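K.L.:
Handing you a structure now.
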Amino acid sequence: MMAVWGFSNTAIASLIDPDQYLTDIYSTALVLTDSELLTIGFGSFDPNQIFGTNNPDFGGQEVIDTKRKIAVTSLPISFLFSNEESPWLHRLKLRAAYMGLTRDIDYDRLEEETGIIWASDKNEDHVFAGYAEYAVGYQISEGWQLFAGTGLHLMHYKNKFTANSPAAETIEELGINSAINGSSNIWIAEPQADLIYTKDTGPGEVRFNSEYHYFWGRSFGGSIGTSNATTEGWRIMNGIQYKYHLDPWGGRKQDLLFRVRRIDVGGDLREPLDTTHYAEYSFGWVMDTSDYSSLIYNVGIGISLNYGSSLKGGALVIYYNE
C-alpha cells in the first residue's frame, strides 16, 4: 500500500485516472492532427538561436526534446462545389490522421518519500483518427464567402505500457482502474462557421479568414470499459495570407506564401496547449501540380514559427493544397 500511496507523486498518477487521462489525450490529438489549429512539421529548431534572442515564448531545448517524442501524420483533403448560376456553395473536408506520444515514467519521488527504488517504465499513447465535415456556404459578394457546417471526429486510442517496475502489476492486483494497456474510442461533434475574403492584387493574392469552432464528444467502447471521458472546448482563428506570384518555372505557376494566424482556445484545449491564445507565422514556397492531380493542386515547403503555446518554436513544413 505504501507504493500505491506514492503513485500520487509520480508520473503514473494520471494513468490511474482514466477519465481525465483520456480527455487530455483526445484533446491533444484534436490539436495535433488539425493543421488549421496547429502546425507541427518536422526538423524542429529554436528560433532564439537564429534571432539571437532569449524569449521563452519562442521555444527552447526543452520544447525541442518534447517534440521529438511526438509523432503526427495528418492527411487532409477538401472539395468545394459551386455553380456559376447560384451563390450557394458546398464544402466537404476529410482527414485521416495518427498521433503517437512517448514518455518515460520514473519514480524518483517515490524513492525520495518511501525509499523504494523502481526502474523507469515506458508509456506510449497511440490515436488513430478520422474526420469528416460538411459546410454550406454563400457568396456574399465578390471575394466574400460565408460558411457554416459541422464535422465529426472518430478516434481510436490504444495504450502500450512497457513495465520495468512493479507499478502496473501492483495497480492490477489492487483492482485500480487505469488506462494501462487499454483501449478506448470517442466521437466528437464540431459545429463551425467561417468567413473568408479573397482578393487578387495583380502581383499576388490576399486571403483573410476568421473561423469559429466548438466541439463536444464522449468516449465509448474499448477495454477501459468504466471510463466516461468527455471533451469540450472552442477555438477562434483569425489569419491573413499573402501569395506573391513568381515567374513560372518550367511552365508551372509558383508562389511565395506568407501567413500570420492568431488562435484563441478554451475548454479542454487549454491544457495541451498550456495557453489561452498563441500565434503562428509561416513562410514558404508552393508550386502548381494541378496537371498531375485534381486532388493535390499544389505542393511546397516552408518554415512555421509557433509563438506562445506549449509547442512553441520553429519547424520545417510540407505544404499541399494551399
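K.L.:
At 7 Å along the Cα-to-beta-carbon direction for both N177 and S120, put a label point, then send me their distance in nm to one decimal.
P.N.:
3.1 nm
K.L.:
At 222 nm, what helix-only mean residue ellipticity would the chain give, in deg cm²/dmol to the nearest 500, using -39500 (n - 2.57) for each DSSP H run of four or more?
P.N.:
Computed ellipticity for the chain at 222 nm equals -4000 deg cm²/dmol.
K.L.:
Still on this structure: Where in segment 94-109 is the amide nitrogen less than 13 Å from a point lying 7 Å along the Cα-to-Cβ axis of K158?
P.N.:
99-100
K.L.:
Check L246: other-chain or 5+ apart residues with amide H under 5 Å from its amide H, H built from backbone geometry?
P.N.:
The list, which skips near neighbours in sequence, is Q254, D255, L256.
K.L.:
For the chain, take the convex hull of the Cα atoms, compute a quarter of its surface area, and give me that in nm², please.
P.N.:
Over every viewing direction, the Cα hull of the chain projects on average to 19.0 nm².
K.L.:
Still on this structure, please answer the following. Could you sort 282-294, 212-224 so that the peptide with the highest average Cβ count within 10 Å comes first and the rest follow in order?
P.N.:
Numbers: 282-294: 14.5, 212-224: 17.9.
Highest-to-lowest ranking by the protection proxy: 212-224, 282-294.
K.L.:
Label points 7 Å out from Cα along the Cβ direction at S141 and R68: separation in nm?
P.N.:
The modelled label-to-label distance comes out at 5.4 nm.
K.L.:
Between Y281 and E232, what is 0.36 nm times their sequence separation minus the Cα-Cα distance? Round to one decimal in nm.
P.N.:
Stretched fully, the Y281-E232 segment lengthens by 14.9 nm.
K.L.:
According to a simple spin-label model (label point 7 Å from Cα along Cα-to-Cβ), what is the distance in nm between F208 and D17?
P.N.:
4.3 nm
K.L.:
Output the pairs from K69/K312; K122/K158; K199/K243; K122/K160; K93/K199 with a Cα-Cα distance over 18 Å in this structure; if there are none, say none.
P.N.:
Details: K69/K312 15 Å; K122/K158 14 Å; K199/K243 11 Å; K122/K160 8 Å; K93/K199 23 Å.
Too far apart for the 18 Å limit: K93/K199.
K.L.:
May I ask you to derive the relative contact order of the chain, considering only C-alpha pairs under 8 Å and at least 6 residues apart, and to give it as an integer percent?
P.N.:
Relative contact order of the chain: 17 percent.
K.L.:
Report the FRET efficiency, 1/(1 + (r/R0)^6), for H245 and L295, where r is their Cβ-Cβ distance and R0 is 25 Å, rounded to 0.05.
P.N.:
On the way: r = 23 Å, r/R0 = 0.92.
That pair, H245 with L295, gives E of 0.65.
K.L.:
Related question: By how many degrees, 0 to 90 and rounded to 10, does the Cα axis of helix 18-32 deviate from the longest principal axis of the chain?
P.N.:
30 degrees
K.L.:
If you add up the charges near Y281, with Lys and Arg at +1 and Asp and Glu at -1, over every other residue whose beta carbon is less than 14 angstrom from its beta carbon, what do you get?
P.N.:
Cβ neighbours under 14 Å give a net charge of +2.
Every read-out reported here was derived from the displayed coordinates using simple, explicitly stated rules and does not represent laboratory data. The model shown is predicted, which means the values in this text are computed figures rather than measured ones. Neighbour counts run over all protein chains shown; Cβ positions are idealised from the backbone, glycine included.
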